[in-house]
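Inspection log for the structure reproduced underneath, given as C-alpha cells.
The values are calculated or read from the model by the stated rules, or taken from the named source; none is laboratory data. What you see is a predicted model; the values in this text were computed from it and never measured. Cβ placement follows ideal geometry from the backbone for every residue including glycine, while neighbour counts extend to all protein chains displayed.
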Amino acid sequence: MLNISQLDVGYDESMVLRDIDLRVEPGTVVALLGRNGVGKTTLLKSMMGLRPPQKGSIHFMGEEITSLRPEERAKRGIGYVPQGRDIFSTMTVEENLLLGLEALPGKQPNGTIPEEVFDMFPILREMLHRKGGDLSGGQQQQLAIARALIGKPKLLLLDEPMEGIQPSIVMLIVDVIKRIAASKTVSIVLVEHSLDLALECADYYYVLDKAQIVAEGTAADLNQQAITQHLVV
C-alpha cells in the first residue's frame, strides 16, 4: 500500500531522516517508535506531503506521490491527525466534522456525517453544536480522529493520539484503532511514545534513532530489551 524508499528529509542544513525504507501493508497497523526528536513526526509529515524530501520516493497504492501536495494525497486516501489535534476551535463540532468530507473525491454538496463516527465516538453526537475550543483535550482528540475518518482514508496517520489525555479516553482510542484494524480496510501508521500501547495496537514496528531506522519487525516478535536503548532518554 505505502512504500517509502531511500528517503532523506531535513530542515535547512540539518538532516532529520536519512535513507529511510518503510512499507505499510494493506489492513495493518504500523508503529513508529523512538525517542523524542528522532524524526517520527517529520516522517509522518513526509508521508502527508507537508515536508518534501531531499531524496527518495514515496509510492501509495502503486502510484508515486512524492511530489503531490497534501490535499492531493488526501483525495487519494491518506488521512492525517497531527500531534496537537489541530481542530478548529471557533467552529462547532459539526462544522469540524463536515470538513472531513473535503477529503472525499468529487463534490459533496449535501454531505452528512456517517453514523459509524458516532458509534465510535458517542460524545461527539452530544456536543455537535459546541465550539471545538470548548471541548476537553480528550474530546478534541476524538473529534480530530473522527474528522479524518469521515474522509474514508485508506491510510490513516496518527501522531501521538494518546498524548496528554485521560486514561479512559486513551482506552477508547486504543479500542477504535483496534476496531479500524479489524476491518482490514484501513491501514494505520501510529506514532506512540508508550511502547505498551503501541504494541497493543500494532502488527509491525519500526524504530528510529539517529536519523535512521535501526530496528523493525512484527510486534509479536519484538524483543523489548533489545530496543530499549533506542527508546529511553
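Per-structure values
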| read-out | value |
| --- | --- |
| Qualifying positions in the stretch 201-226 - closer than 29 Å to S14 by Cβ and free of Cβ contacts under 8 Å to residues at least 12 places away in the same chain | A226 |
| Extreme residue, surrounded by the fewest Cβ atoms within 10 Å (Cβ to Cβ), among residues of the stretch 66-84 that are among the β-branched types (V, I, T) and under 22 Å from L143 (Cβ atoms) | V81 |
| The stretch 211-233 - residue that is touching a helix residue (DSSP H, G or I) at 6+ places or on another chain (Cβ under 9 Å) and assigned to a loop (DSSP other than H, G, I, E, B) and, of those, nearest to L32 (Cα to Cα) | L231 |
| Given (1) at pLDDT 95 or above; (2) of a type outside the set (V, I, T); (3) at positive phi, index of the condition L50 fails | (3) |
| Qualifying residue in the stretch 102-111 (condition: closer than 21 Å to Q141 by Cα and touching a Leu at 6+ places or on another chain (Cβ under 9 Å)) | no |
| Number of positions in the stretch 24-48 that are more than 20 Å from I227 (Cα to Cα) and either touching a Leu at 6+ places or on another chain (Cβ under 8 Å) or part of a strand (DSSP E or B) (or both) | 6 |
| Count of residues meeting criterion [surrounded by 18 or more Cβ atoms within 10 Å (Cβ to Cβ) and not small (G, A, S)] in the stretch 52-65 | 4 |
| Flag if G37 is under 19 Å from V214 (Cα atoms) and surrounded by fewer than 21 Cβ atoms within 10 Å (Cβ to Cβ) | yes |
| Residue match in the stretch 86-101 (condition: touching a residue at least 60 places away in the same chain (Cβ under 8 Å) and either of a type outside the set (V, I, T) or more than 21 Å from H230 (Cβ to Cβ) (or both)) | yes |
| Pairs where the first residue, in the stretch 145-173, is crowded, with 21+ Cβ neighbours inside 10 Å and at pLDDT 95 or above and the second is in a helix (DSSP H, G or I) and of a type in the set (F, W, Y), C-beta under 9 Å, 6+ apart | A146/F118 |
| Given (1) touching a Phe, Trp or Tyr at 6+ places or on another chain (Cβ under 6 Å); (2) more than 12 Å from V30 (Cβ to Cβ), number of the condition I213 does not satisfy | (2) |
